[in-house]
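Structure, as structure tokens:
The values are calculated or read from the model by the stated rules, or taken from the named source; none is laboratory data. Only a predicted model underlies this, so the values are computations on that prediction, with no experimental measurement involved. Note that we place each Cβ from the backbone using ideal geometry, even for glycine, and neighbour counts take in every protein chain shown. Only protein heavy atoms, including side chains, enter the accessible area calculation; ligands, DNA and RNA are left aside. Shrake-Rupley method; radii C 1.70, N 1.55, O 1.52, S 1.80 Å.
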Amino acid sequence: MDSLLLDLRFAVRSLRRRPTFAAIAITTIALSIGAATSIYSVVDGVLFRSLPYHDARLVAVWQTDPERKKNAILAVNWDRAPLDYTDFMTWRAKQTSFAAVGVWSGFGAIVPGAQGPEQLTGTRVSPGLLEMLGARPVLGRTFLPGEDVVDGPHVTMLSYETWVARYGTRNNVVGSFVRFDDVPYEIIGILPRGFTLERGKPGAPYWIPAGQQDGDVGHHNRSFHAIGRVKQGVTLEQASTETQQLLNANDPSLNRGVRITDFVRDETRDVRAPLLILLGAVGLLMLIACVNVATLLLGEAATRDIEMSARVALGATRLRIVRQLLTESLLLSVVGAIIGAVLAWWGTKAIVALAPPKIPGILAAAVDWRVLSVTLAIATVTGVLFGLAPALTLAEAGPAMLLRSGQSVRGRGALQRAMIATELALSVMLLVGATLLSRSLQKLSAVDPGFRADHLLAVRLSFANPWRALVERSATARDTVRLRTFYDDALVKLGALPGVVSATAASNVPFTGGSSSSPYLLVGEGDAERKAHKHEVQQRVIAANYFATMGIPLVAGRAFTASDRSDATPVAIISETAARRDFPNESAIGKRVNYQGVWRTIVGIVSDVKFSRLSAADQPSIYTPISQRVSVLDIVVRTKGDPAAMTAALREVVHAAGPTIAITGVEVVETLIHRSFGEERFRTALIALFGVIAAILSAVGMYGVTARAVARRTREVGIRVALGATTSSVVRMIVRGTLAGVTTGILIGTATAIVVSRVLAPYLYGVTTRDPLAYAGTLGLLTGVAVMASWLPARRAGRVEPAVVLRGD
């Protein structure tokens, strides 16, 4: 123990005598460990951390439809189809593979607010689901079996946070009432603190029993997410076989498959690969840092030959010297790890703030004792790794080294060049990936969405019953007239506002998150084509002036006019992609399609529009006028100036036109588009940051190696100059020696990058993994860095005065 403390004190004194080296080494370690710990904290929080409730053998249950996989519009969710509640009840009653099963879905309701009606978003759950997840109410009870029936008892549970914020933790809240859509619901219980079904996101404020709405019964409301706990001894294959039989029992003709998978793995399947790529990228950065510090230590070793020889002459053993030098490297790594832990704490917060919120569990990611223990382990391992090579090299020094002052141990220069080559090879891999993603992001952000996104404001609306029944086509004629009157009145008043160019309305406004599709039939087609979704299209109901307001070009035919009344010939407008697919050899204008049970005449063709992602392929679409197909629409306004400045005025007009209508969001469309590729921007920013750090570390490493090499060759350079060598020839000689290792590293790194970059292929847009500009840019950058890092010390060496060197010798 005493000898260990002695080694530690000596290490501190030694590093204090070399403050520049110590600062560079500690900064390198701190940056790499801080970056690695931050990324690991996020990956741990999203992929590895346990669920906030009892999760033993907890699985997600989805239905699959392989036929959908063949359709470009439906393929995105072909293996993630939610359940119908009637099918769920059959499954729940007869299944034997699960200890418990349950489903949940969202619901919306209108409640009074301080500034007018507000939309409340809650969760509907089947009785027993909360118990399956181990959620014991703080007060009251959960939902009982039999409450999940149409027109069942109107009861609700509060989240713990809602109980605290709105009811002040009053115990007598149980038994009181809250009104949803002006219908009273009795509060029967309080959920535990922080309970949620979506990891990392706040739980819904209100919870009600599922199965109580008319739309829950039958086979037209597949909107329920299923969760189950598999019994011990039952395999997922056995559970899948039984579940598929039971879910298809009510309608065997559907013949849908079933996918059962670990709940966390299913929840994170869309982000697992990208996060692991980030983890791999930061792993490369960590390796680069290790090699860099090892290279710096090896360079420092050149100045300590005499010191180590003197210690050997005084009786120090090789093991003693190795232990002393490893103590120094471990001290560097521990100090760097402490600073890195602080950087990681800030870095994790920054990553969470920048990350797209839809990443499950991202908001809960944090540096905790588990992550800190990993950081300590990394620091210990890296301290040994980057200190081992110089320690073994210096341990070979003997008393004879005292007689060879100014010379280095043979082979050290070759080892340093090998390390520089390794560092550059790793840097090439990281920088190529960063450049590919950056070019992809650049091309993606330049994609034309198909409409003029500037100065557009989207106003999302929510309607209380009876208007909400329009979505289910069960409203009365009077309600239909009221809805159309509301839009006519609101759009006229909005269009008259100062600063507003025009106003319109549409269902599922692009980039607001809504999506809806349906097939239509051509003349002569029937049920076979309908079931095969042969002519699946994105569907939109629009108000007057929609295409002009959005800036969507009309390619052929005409837009909807006032003559397209409810009693006129049903009409439709389709997109260019739909026209090319369904009428490849003739004009679509004047053709008829059977859409939603009504034969409609195509009167126009418009340009394709991106609806949710700029990277998505153009999808066939159909537009129908609200005058002929009533629906709940959102409002779109084009302004002269900043659209966000019109928010307050728009709210006033909408509330005046529809006092019972809630505005659920007012968003600038350009912001929505920018947000749509947030994942790509997040991923690219982090890997690009790692690439920049890698380039800086490589430059520091090459500069250090060249500077030490020049220092060792000062006498040689002086003799060369004395014999007539020019400054430029000396500089070329030194730079050429450094670039030999650089060239090797770049060539190896390029070859490896060509292979490894294939993992990025699914995340690139408009570029390939062998994009020549990405490789040329990376090679040009690193070559420039290498030349500059070796040229600076070489230039100083070329200016050496021969007489001064020879007198010193």
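Once you order the gyration tensor axes a ≥ b ≥ c over the Cα atoms, which shape class does region 561-667 get: rounded for a/c under 1.5, otherwise prolate or oblate by comparing a/b with b/c?
Since a/c reaches 1.5 but b/c is at least a/b, the shape of region 561-667 is classed as oblate.
Any idea what the relative contact order of region 92-184 is, in percent, if you count C-alpha pairs under 8 Å spaced at least 6 apart?
25 percent
For a 25 Å ceiling on Cα separation, which of these pairs sit above it: LYS493/LYS640; LYS358/LYS531; LYS94/LYS531; LYS358/LYS493; LYS349/LYS443; LYS94/LYS358?
LYS358/LYS531; LYS94/LYS531; LYS358/LYS493; LYS349/LYS443; LYS94/LYS358
What does the charge count around PRO127 come to, taking other residues whose C-beta lies under 14 Å from its C-beta (Lys +1, Arg +1, Asp -1, Glu -1)?
Net charge around PRO127: -1.
How charged is the neighbourhood of ILE73? Take every other residue with its Cβ under 12 Å from the Cβ of ILE73, and add Lys/Arg as +1 and Asp/Glu as -1.
Charge balance near ILE73 sits at +3.
Give the distance, in whole Å, between the Cα centre of region 641-695 and the Cα centre of region 75-131.
The two parts, judged by their Cα centres, are 28 Å apart.
Checking the cross-link filter: which lysines have an alpha carbon closer than 27 Å to that of LYS534, excluding same-chain neighbours under 8 positions apart?
LYS534 reaches LYS69, LYS70, LYS591, LYS610.
Carbon and sulfur together cover what percent of the accessible area of region 67-211 at a 1.4 Å probe radius?
Percent of accessible area from carbon and sulfur atoms in region 67-211: 53.
Which distance in nm do the two modelled labels at GLU525 and ARG272 give, with both placed 7 Å along the Cα-to-Cβ direction?
Taking the two extended label points, one gets 3.6 nm.
ALA446 versus ARG18, label points 7 Å from Cα toward the beta carbon: distance in nm?
Each label point is offset 7 Å from its Cα along the Cβ direction, giving 4.8 nm.
Which of rounded, prolate or oblate describes region 51-103 when judged by the alpha-carbon gyration tensor and an a/c cut-off of 1.5?
Because a/c hits 1.5 or more and a/b fails to exceed b/c, region 51-103 counts as oblate.
Assign one of three labels to region 542-615, namely rounded, prolate or oblate, based on the Cα gyration tensor with a ≥ b ≥ c the square roots of its eigenvalues; rounded applies when a/c is under 1.5, prolate when it is not and a/b is larger than b/c, and oblate otherwise.
Note, shape of region 542-615 comes out oblate.
Roughly how many whole Å is it from the C-alpha centroid of region 279-296 to that of region 363-384?
16 Å
Below 8 Å, C-alpha to C-alpha, sequence gap of six or more: please give me the relative contact order for region 186-276 in percent.
Dividing the mean separation by the residue count of region 186-276 yields 14 percent.
Rolling a 1.4 Å sphere over the protein heavy atoms, what is the accessible area per residue of region 64-206, to the nearest Å²?
45 Å²
Pop a pseudo-label 7 angstrom from the Cα along the beta-carbon direction at both ARG770 and LEU497 and give the gap in nm to one decimal.
So the label points at ARG770 and LEU497 sit 5.4 nm apart.
What is the sum of charges, Lys and Arg at +1 and Asp and Glu at -1, for the other residues whose Cβ falls under 9 Å from the Cβ of THR601?
+3
Of all DSSP beta bridges in region 80-227, what percent run antiparallel (nearest 5)?
Approximately 75 percent, going by the DSSP bridge assignments.
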